[in-house]
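To keep things clear, I will list the structure first and then write my remarks on it.
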Amino acid sequence: MRMISSTVGAVGDRAFFKQIRRFSWLRKGLSLLFCLLVSLPVAAQDSDKEEKSSGVRFVFKNNPSLRFGKTLRVDFRAKVQTDFRAFSPDITTDEGRFDLQRVRFGLEGDFLRDLEYEVEREFRESFGGRLSKSRWRDVDINIRYFRKFQVRIGKFKTPFSMEQLTGAHRLDFVLRSRVADDLAPGRDVGVSVHGRFFERGLNYDVGVFRRDGEDENAEAIDAETRSERMFAARITGTPLRLLRAPPIAKDLEIGIATTSSNVPEGLNGMRGKTSSGQTFFRRIYVDGTRFRLGTELNWSPGPFSIKSEFIHVSDQRSKQSIRATDLPPLIARGWYLTGTWAITGEKKGEILQPRHPLFMDRGAGAIELAARYEQLRFGSSQHIGLPSRSPRASNILGNSDRVWTLGVNWYLNSFVKIQVNGVHDNIEDIQRTPIEGRTRYWMGILRLQFVM
């Protein structure tokens, strides 16, 4: 430990690792995990045998399910996530040291095979957690009579950003990247047409939504003045399938997405937050079109995975100067690059399934190492005149956050996952940092997750 402390001291942050050793809440987390493990039913293991019956039957594969012949399927879902945090230096956050991040229950299934439905609600405030801005999460139906031209109606995630579209329980890290969290739209009410061609080699999703997403990342100060009527489109595919490429490269997936909406006048510009939720770039005055463009890459050869995204957002500032003249648009750009390695040898897919679950066949679960580097930056499209931090400045003084995240994921079985992340933020402008006079700081996070 002395060698580790001296090495970390050379980097510059011994206090963070001293806090890690003093995690008094670790015992609480392990106790909670033990309770979850004990509560798991043995019948939860996958079975290849499907009972053929026209009546009502109960099935328990990865989750409890009721089957009414071939007419109706009702799957019961549950998601519980608790986070424990430590900071160096100390930072005051809304979540605090312990946070009941998610307690969600829902139903999903299909009716007559061609009508899919999903209903999910947040209940964390009922268990002493923070209040949710929106208790209802995904509430939608999907009509898939024509497999290549399916229609989804209701409240769901807008088709933009690979990571934003990934469920929180399937993320490689505890937190989403800054670029996906701050720049991508969230859920909203709308309708979309989507489908797949060439044996899932080409996927598309086009939709129109009531607003620019109801989640905090796209939400304005006044929830009633968010942008109106957003159009979104996303295309992904595996083009190397059509070429004489090595088999290991044929799963390389790339994509492009865009949105367009109108942002009303006011302090409604995009804002930037650090990993700990502290603001490092405040909203400025905007008015006009908000345009997003995103690109993505996803490659999972065997036990490894590489993912990357780039997102560009432009907010118009029509007549927003102190003289009521047009200002150069506000520009927000960000990207990330991640890599993971399942050191126990499991193939990386949408969900990493341990080959030898804990307590089964003397298994220890699956262990995965993960690393991510990202950058998120804000500024103006033109740099005429002296830069300023004013919300009506012509030349906006830019600010950025560069973040390293290192993590270990332990998949105990199909239901329980433990994630440990160390996050290092580096803010560019010392006058706009969460901690006065300091641009760099650490955050440690331990997440316990139970999903079925």
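I need the shape label for the stretch 104-239. Rule: rounded when a/c is under 1.5, else prolate if a/b > b/c, else oblate, with a, b, c from the alpha carbon gyration tensor. Before the final figure, lay out each step's value.
Values: a/c = 1.57, a/b = 1.35, b/c = 1.16.
Prolate, since a/c reaches 1.5 and a/b exceeds b/c.
Calculate, in nm to one decimal, what Val408 and Arg355 gain on full extension: separation in residues at 0.36 nm each, minus their alpha carbon distance. All intermediate terms of the calculation are to be shown ahead of the outcome.
On the way: separation 53, 0.36 × 53 = 19.08 nm, distance 1.77 nm.
Working it through step by step, the gained length comes to 17.3 nm.
Once the Cβ-Cβ distance between Leu243 and Ala371 is put in as r, and R0 is 25 Å, what FRET efficiency do you end up with, to the nearest 0.05? It would help to have the intermediate numbers written out before the result.
On the way: r = 30 Å, r/R0 = 1.20.
Using R0 = 25 Å, I get an efficiency of 0.25.
What whole number of Å gives the distance from the Cα centroid of the stretch 115-181 to the Cα centroid of the stretch 230-256?
About 23 Å separates the Cα centre of the stretch 230-256 from the one of the stretch 115-181.
Can you check what the net charge comes to around Thr236, using other residues whose Cβ is under 11 Å from the Cβ of Thr236 (Lys, Arg +1; Asp, Glu -1)? Provide the component values of the computation, followed by the final result.
Details: positive: Arg196, Arg200, Arg234; negative: Asp205, Glu253, Glu296.
Value of the local net charge: 0.
I want to check the label-to-label distance for Ile306 and Ile141. Put each point 7 Å from Cα in the C-beta direction and report it in nm to one decimal.
Result: 4.4 nm between the two label points.
Could you please report the charge total around Leu446, scoring K, R as +1 and D, E as -1 over all other residues with beta-carbon less than 10 angstrom from its beta-carbon?
On the way: positive: Arg85, Arg447; negative: Asp83.
Combined, the nearby Lys, Arg, Asp and Glu give +1.
Past 26 Å, Cα to Cα, is the threshold; run Lys273/Lys347; Lys273/Lys307; Lys273/Lys348 against it and keep the listed order. The partial results should precede the final answer.
Working: Lys273/Lys347 34 Å; Lys273/Lys307 22 Å; Lys273/Lys348 30 Å.
Checking Cα-Cα distances, Lys273/Lys347; Lys273/Lys348 exceed 26 Å.
Taking Cα pairs under 8 Å and at least six residues apart, what relative contact order does the stretch 109-168 come out at, in percent? Walk me through the numbers before you get to the answer.
Working: 77 pairs, mean separation 16.0, N = 60.
With pairs under 8 Å counted, the relative contact order is 27 percent.
Taking amide hydrogens as modeled 1.01 Å from N in the peptide plane, which residues meet the under 5 Å criterion relative to Tyr441, leaving out close sequence neighbours?
Those qualifying (amide H under 5 Å, at least 5 residues apart or on another chain) are Asp425.
Restricting things to alpha carbons, find the Rg to Rh ratio for the stretch 383-452 using the Kirkwood radius for Rh. Can you show the working numbers first?
On the way: Rg = 18.9 Å, Rh = 15.2 Å.
Checking Rg against Rh, the ratio lands at 1.24.
Go ahead and run the numbers for FRET between Leu267 and Val189, Cβ-Cβ distance against an R0 of 30 Å, rounding to 0.05.
Working: r = 24 Å, r/R0 = 0.81.
Efficiency, rounded to the nearest 0.05: 0.80.
Using each residue's phi in the stretch 367-382, evaluate 6.51 cos²θ - 1.76 cosθ + 1.60 at θ = phi - 60° and report the 3J(HN,Hα) Karplus result to the nearest Hz, with x for Gly and Pro.
Calculated HN-Hα couplings, in order: 10, 10, 9, 9, 9, 8, 10, 8, 8, 10, 9, 10, x, 9, 6, 10 Hz.
Can you tell me how much longer the chain between Val208 and Phe60 gets when fully stretched, taken as 0.36 nm per residue apart minus their C-alpha distance, in nm with one decimal?
Working: separation 148, 0.36 × 148 = 53.28 nm, distance 3.67 nm.
Taking Val208 through Phe60 to full extension adds about 49.6 nm, to one decimal.
Using all alpha carbons of the stretch 283-376, what is the percent of pairwise distances in each 10 Å bin, ordered from the shortest bin to the longest?
Taking all Cα pairs of the stretch 283-376, the binned fractions are 15, 27, 20, 16, 13, 7, 2, 0 percent.
With a/c under 1.5 counting as rounded, go ahead and sort the stretch 301-452 into rounded, prolate or oblate using the C-alpha gyration tensor (a ≥ b ≥ c being the square roots of the eigenvalues; past the cut-off, prolate if a/b is larger than b/c, else oblate).
Working: a/c = 3.60, a/b = 2.64, b/c = 1.36.
Since a/c reaches 1.5 and a/b is larger than b/c, the shape of the stretch 301-452 is classed as prolate.
Sort 102-112, 412-422, 390-400 for me by packing, meaning the mean count of neighbouring Cβ atoms within 10 Å per residue, highest on top. Please report the intermediate quantities before stating the final value.
Details: 102-112: 16.7, 412-422: 20.5, 390-400: 18.5.
Ranking the peptides 102-112, 412-422, 390-400 by packing returns 412-422, 390-400, 102-112.
Rounded, prolate or oblate: which fits the stretch 70-158, taking a ≥ b ≥ c as square roots of the Cα gyration tensor eigenvalues, rounded meaning a/c under 1.5, else prolate when a/b beats b/c? Intermediate results must be reported in sequence, preceding the final value.
Working: a/c = 3.46, a/b = 2.57, b/c = 1.35.
Prolate, since a/c reaches 1.5 and a/b exceeds b/c.
Counting only protein heavy atoms, what percent of the accessible surface of the stretch 293-378 is carbon or sulfur at a 1.4 Å probe?
Details: 2610 of 4280 Å².
The computed percentage sits at 61.
The values are calculated or read from the model by the stated rules, or taken from the named source; none is laboratory data. All values derive from a computational prediction rather than experimental measurement. FYI the Cβ positions are ideal-geometry reconstructions off the backbone, even for glycines, and counts take in every protein chain you see. Keep in mind that these areas ignore ligands, DNA and RNA; they rest on the heavy atoms of the full protein, side chains included. Shrake-Rupley method; radii C 1.70, N 1.55, O 1.52, S 1.80 Å.
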